[in-house]
Amino acid sequence: MIQLQATMVSAVLAMQRISAAGSMVLQSLQPIRTRWQVFCGQFQHNLTHPPDPESIRNHHVAGVAVIGLAVISFLEESKGEKAGWIRYIWPGMMFVMGIAIIGWADPGTWPDGPKSLAQDIEAIQHKFFALFAMSLGAIELFRRLGKLTHKAWGYVFSITMIGAGVFLLFHQGEHAHIVHLQHLAMGSVGVAVGLAQAANNGKQIKSWLRLHLYSLYILSLGLLLLFYVE
């Protein structure tokens, strides 16, 4: 129990450092983000809805979190069996992301406001994805604790990412053209993340590129979210 508490404290401190580093990264990338927004403005024709500041903020915050996952994944890949307590940060961050989405992704809608979930289909989707993220975090935590040992559990995340990526590839909606382009990019990278994780699952990889391809794809997804525009 004492060891578990120490591990949790270490994980919380590590996430605080990652959050602080993420804030610094956001500030340093502001000039690049401004130029990117100007470039993307060229593709914002057929706009049926104005940009949603809350949606943009949620994507950017998610981008910082996903970049954090990429860093943790890279460290896990590099250290292998010697990763130690670092292995528990990944599922911990999935729990934090899920809780954050449930609590703050939809201002004005339950539990952050008086509006009922039944009146907001998009909020229901967000809550579903949040619970799904927390479920993935639980599965990965029990895998790392040695409670889920069957090989099939190692492919749950891969299948989820491939499914989510395919969903984005075929997702339709009343969005600006640039949003559809970003969905295509995110969907493609999501599928790549799932395939890379499945290809490396349970194998000893000697090639540096193949070993870190999974975390590099996650980093790419995080950057797409971080620079998301509408």
Exercise. Restricting attention to segment 69-127, which residues are basic (Lys, Arg) and part of a helix (DSSP H, G or I)?
Worked result: 79, 82, 87, 127
Exercise. Taking the stated definitions as given, is residue 83 of a type in the set (A, V, I, L, M, F, W, C), buried (at least 16 other Cβ atoms within 10 Å of the Cβ) and without any contact (Cβ under 8 Å) to a residue 12 or more places away in the chain?
Worked result: yes
Exercise. Between a first residue in segment 193-216 that is in a helix (DSSP H, G or I) and a second residue that is of a type in the set (Lys, Arg), which pairs have beta carbons less than 9 Å apart while being 6 or more apart in sequence or on different chains?
Worked result: 196/210; 199/210; 200/210
For this session: Working only within segment 200-230, note down all residues that are modelled with pLDDT of 85 or more and aromatic (Phe, Trp, Tyr).
Result: 214, 217, 227, 228
Seminar exercise, completed: Looking across segment 97-119 at residues that are in contact (Cβ under 8 Å) with a residue 12 or more places away in the chain and either surrounded by 19 or more Cβ atoms within 10 Å (Cβ to Cβ) or not hydrophobic (A, V, I, L, M, F, W, C) (or both), the single one that is nearest to residue 134 (Cα to Cα) is 98
For this session: Taking only segment 195-217 into account, find how many residues are farther than 20 Å from residue 144 by Cα and of a type in the set (A, V, I, L, M, F, W, C).
Result: 5
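The values are calculated or read from the model by the stated rules, or taken from the named source; none is laboratory data. It should be emphasised that the depicted structure is a prediction, and the values quoted were computed from it without experimental measurement. Using ideal geometry, Cβ is built from the backbone for each residue, glycine included, and neighbour counts are taken over all protein chains shown.
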